[in-house]
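Rule-based calculations on the coordinates, nothing more; no lab input. Computed from a prediction, not measured in an experiment: that's the story for all the values here. Quick reminder, even Gly has a Cβ in these numbers, built from the backbone with ideal geometry, and neighbours come from all protein chains shown.
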Amino acid sequence: MFQNIPICKSNDREKYLHQNEPEKGDIHFYRLNPDSEEFESFSYHRQSLKTTEVYLLINDAIKMIFLWLSSTICVRYRFIGARSASLIQHKKGIDYRVVSVGPHFEPPEFRHSLTIISSM
């Protein structure tokens, strides 16, 4: 039944990341504006992410949508973030994966994407 599904081992995952090396144009970073309750384009320059804000990072090269949330974020902003990530996934296609991340629990793909956008 699941014979054609590729299984990605940890070392294969690193190879996959480097084969599909994203460029800055493949990565989009947004921050939730609490006043308008909409996501706005945001420039990341090696600053730490604030635990009072919600961020969306879209990496088209690896087809992932990261929703960065802190445990201190109110329920309303969590809902807005989840809804926005779901809408983006719907527009981009079901092959995009939505991943919710938080401070100190960011996957390597998320950190790698931030490194790319901050270095250019």
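Observations on the structure shown:
- Between residue 33 and residue 90, the simple label model (points 7 Å from Cα in the Cβ direction) yields a spacing of 2.2 nm.
- The orientation-averaged projected area of the convex hull spanned by the Cα atoms of segment 22-119 comes to 5.8 nm².
- Distance between the modelled labels on residue 48 and residue 100, one decimal in nanometres: 2.4 nm (7 Å Cα→Cβ projection).
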